[in-house]
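Structure record follows, encoded as structure tokens.
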Amino acid sequence: MGEDESQPNWEGKATIELPSITSQQVWQVLQDFCNLHKWIPIDTCYQLEGIQNQPGLIRYCASTIKSLDSDSEPTIKWAKEKLLKIDPIKRCLSYEIVDNNMGFKSYVATLKVGPIDDDEEGVGCVIEWGFVCDPVEGWTLQDFNSYIEYCLQFMAKKIER
């Protein structure tokens, strides 16, 4: 058994409340699977194959990472992500990373949007970003959870504008 096989999967969940916007307004943003670059700090996101916002769609996401060493060339970190399911009634979607150069062996995430209380039509909602993945080389689970929380906070600020 290899070293990686003995480590359990990582699981985590981050949530954030958006008190001034409805679940439906947030879902209109999140359901557009290939516009991720508008909502989290990455450079690009576009459709590679499949039908827009249908399971099986694959998107390409990438960012240029500048090295701290001024002599080094910047590197492009990228991932191809496949939409597994999307449910506009429950306002949730799941996707997996199918290829990348960032150290992910397996990664499945689910994004859900719901009301803060049980009032579906009322103002105020919660976004939940859950994930299950193999340990990622160069990261701790705590660091990875912090990154997901940062992305969710960044997304919430952009959406509320």
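Simple point charges give the picture: +1 on the Cβ of Lys and Arg, -1 on the Cβ of Asp and Glu, and for the range 1-138 a dipole about the Cα centre of about 400 debye. Near T22, the amide H atoms lying under 5 Å from its own belong to G124; only residues 5 or more places off or on other chains count, and H is placed 1.01 Å from N. Remark: the range 76-93, residue by residue, has Karplus-estimated 3J(HN,Hα) of 9, 9, 9, 8, 9, 10, 10, 6, 8, 8, 8, 10, x, 6, 7, 6, 9, 9 Hz, where x stands for each Gly or Pro and the curve is 6.51 cos²θ - 1.76 cosθ + 1.60 at θ = phi - 60°.
Residues in the range 53-67 carry Karplus couplings, in order, of 6, 10, x, x, 4, 10, 10, 10, 10, 8, 9, 8, 10, 7, 7 Hz; the curve used is 6.51 cos²θ - 1.76 cosθ + 1.60 with θ = phi - 60°, and Gly or Pro positions show x. Less than 5 angstrom separates the built amide H of W10 from those of C133, D134, all sequence-distant by 5 or more or on a different chain.
The share of C-alpha pairs in the range 46-106 whose separation exceeds 20 Å stands at 40 percent. Lys-Lys pairs in the range 52-161 that are eight or more residues apart or on separate chains and whose Cα atoms lie under 18 Å of each other come to 9.
For F33, the amide hydrogen comes within under 5 Å of the amide hydrogens of N53, counting only partners 5 or more places away or on other chains and with H modelled in the peptide plane. The angle separating the long axis of helix 141-160 from the principal Cα axis of greatest extent in the chain is about 40 degrees. Please tell me the relative contact order of the chain in percent, rounded to the nearest whole number, where contacts are Cα pairs under 8 Å and at least six residues apart. Contact order relative to length: 29 percent.
For the chain, the carbon plus sulfur part of the accessible surface works out to 49%, probe radius 1.4 Å. Among the listed values [x] 30.3, 88; [y] 16.6, 55; [z] 15.5, 49, the one matching Rg and Dmax of the Cα atoms in Å as calculated from this structure is [y].
The values are calculated or read from the model by the stated rules, or taken from the named source; none is laboratory data. Not measured: the values here are computed from a predicted model. Counting neighbours? That spans all protein chains shown, and the Cβs are built from the backbone with ideal geometry, glycine included. Just the protein is used for accessible areas: all its heavy atoms, side chains included, with ligands, DNA and RNA removed. Shrake-Rupley method; radii C 1.70, N 1.55, O 1.52, S 1.80 Å.
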